[in-house]
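*Asks:* One structure follows; several queries about it will come next.
Readers should treat all values here as calculations from the given coordinates under stated rules, not as data from a laboratory. Note that the coordinates shown come from a computational prediction; the quantities given were computed from them, not determined experimentally. Quick reminder, even Gly has a Cβ in these numbers, built from the backbone with ideal geometry, and neighbours come from all protein chains shown.
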Amino acid sequence: MSPFLGAYALVAGLGPDETRATYRALAALPVAGLEVPLAVADADDAWWREHVADHWDLVVTAIPTVMGRLARDPAYGLASDDEDGRRAALADVATAAALARRLADEAGRPRVRALQLHSAPRAPRATRDALARSLDDVAALDLAGALVTVEHCDATRPGWAPEKGFLEVDDELAVLAGRDARLTVNWGRSAIEGRSADTPVAHVRAAAEAGLLGGVMLSGATDAATAWGAPWLDGHIAPRGDDPALAASAASLLGPDEVRATLDAAGGRAAYLGVKVTTHPDVRDPEGRVAVARAALAQLAG
């Protein structure tokens, strides 16, 4: 299974010319396509020509939009106990659905493989019932063949502030049961929740055994202060490994052994796989950034 690449994280901090050059270079990598943020729905035709190869499929993630909305309205989210907040989140999903339909019409085939939605807002405002109602509303949309997934983000734990603080994975799985939607596990966010490399494996295994595993996104985390920031930030630190391109991320908890354990837990039941990494902030040249992506992707091959 060819993976997807979260390239929008990889190019963070680059200027327009460097970004375009990086995307051009990514076209040579063995990927099924890109994980892209919902905001690309507003991009013009020139952006699509310069950044997205015609042969790529897409996974659309709502998380940058979700976090931006929450900064202004703490009641926003598909799992919100506030009806206005829930409806606002559904409007954003409708935008994603329109993007999936437009791309399918233009290409003559489905191009959006999956939509990654989220169980915002932060507890205790998030409820199972609200998420269930939202997923039923999403099911009524024409998604042009896209799989609906709830991407698990770290739930609140006593003793430290969460990065996201959304619903527990058990709550999400309970809501997904019996619905035509699945769970996506982001390795780094699950590790942040449990402060352990074991937590992502447990989440993947639980979803797989329930028959509800949608995607696995391999994004790193670290318990150390690094150039990426403080410990346990959702900064998509690259995995550690022997490839020289990964030397800067030696403190990452994600590495070849953890990748293998996660894939073993999935047991081939994931609908898609992905890698989302950033580079050391000093790596600004497109070749350096692509080298990190290539090295991270190689770990999926074992």
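*Asks:* If one computes P(r) from the Cα atoms of the chain, what percent of pairs lie at distances over 23 Å?
*Replies:* 53 percent
*Asks:* Run the numbers on segment 101-258 and let me know its relative contact order in percent, using alpha-carbon pairs under 8 Å that are six or more apart.
*Replies:* Worked out over segment 101-258, it gives 17 percent.
*Asks:* Mind listing the phi-derived Karplus ³J(HN,Hα) values for segment 91-96, rounded to whole Hz, using 6.51, -1.76 and 1.60 with θ = phi - 60°, and x for any glycine or proline?
*Replies:* So the Karplus estimates, Gly and Pro as x, are 4, 5, 5, 4, 5, 5 Hz.
*Asks:* Right, another one. List the residues whose amide H sits under 5 Å from the amide H of residue 35, counting only those 5 or more places along or on another chain, with H placed 1.01 Å from N in the peptide plane.
*Replies:* 5, 6, 7, 59
*Asks:* Oh, and also: With just the Cα atoms of segment 233-302, tell me how far they stretch along each of the three principal axes, in Å, largest first.
*Replies:* So the extents along the principal axes, rounded to whole Å, are 37, 23, 21.
*Asks:* A further question on this structure: Would you work out the relative contact order for segment 6-131, in percent, from Cα pairs under 8 angstrom that are 6 or more residues apart?
*Replies:* About 25 percent, as a whole number.
*Asks:* If you wrap a convex hull around the alpha carbons of segment 128-181, what volume per residue comes out, as a whole number of Å³?
*Replies:* In segment 128-181, the Cα hull volume divided by residue count equals 79 Å³.
*Asks:* What is the set of long-range amide H partners of residue 238 at a cut-off below 5 Å, with H atoms built 1.01 Å from backbone N?
*Replies:* Long-range HN contacts for residue 238: 278.
*Asks:* On to the next question. So for the chain: antiparallel DSSP bridges make up what percent, rounded to the nearest 5?
*Replies:* Bridges in the chain that DSSP calls antiparallel: roughly 10 percent.
*Asks:* Which residues' amide hydrogens lie under 5 Å from the amide hydrogen of residue 147, considering only partners 5 or more residues apart or on another chain, with H built in the peptide plane?
*Replies:* 114, 115
*Asks:* Across bins of 5 angstrom width beginning at 0, how are the C-alpha pair distances of segment 122-228 distributed, in whole percent?
*Replies:* For segment 122-228, the pair-distance distribution reads 2, 12, 22, 23, 19, 12, 6, 3, 1.
*Asks:* In whole Å, what are the extents of segment 73-190 along the principal axes defined by its C-alpha atoms, from largest to smallest?
*Replies:* Per principal axis, max minus min of the Cα coordinates gives 51, 31, 27 Å.
*Asks:* Could you work out how much longer the chain between residue 174 and residue 224 gets when fully extended? Use 0.36 nm per residue separation minus the Cα distance between them, nm to one decimal.
*Replies:* 14.6 nm
*Asks:* Excluding residue 33 itself, what net charge comes from residues whose Cβ is under 11 Å from its Cβ, given Lys and Arg +1 and Asp and Glu -1?
*Replies:* Summing Lys and Arg as +1 and Asp and Glu as -1 gives -1.
*Asks:* Determine the gain in length on full extension of the stretch residue 282-residue 50; use 0.36 nm per residue of separation and subtract their C-alpha separation, reporting nm with one decimal.
*Replies:* Extra length from residue 282 to residue 50 when fully extended: 81.1 nm.
*Asks:* Moving on to the next point. Just from its helices, what would the mean residue ellipticity at 222 nm be for the chain, if runs of 4 or more DSSP H residues each count -39500 (n - 2.57) and the sum is divided by every residue, rounded to the nearest 500 deg cm²/dmol?
*Replies:* -12000 deg cm²/dmol
*Asks:* If the chain between residue 27 and residue 243 were fully stretched, how many nm would it gain, using 0.36 nm times the residue separation less the Cα-Cα distance?
*Replies:* Using 0.36 nm per residue and subtracting the Cα-Cα distance, I get 75.7 nm.
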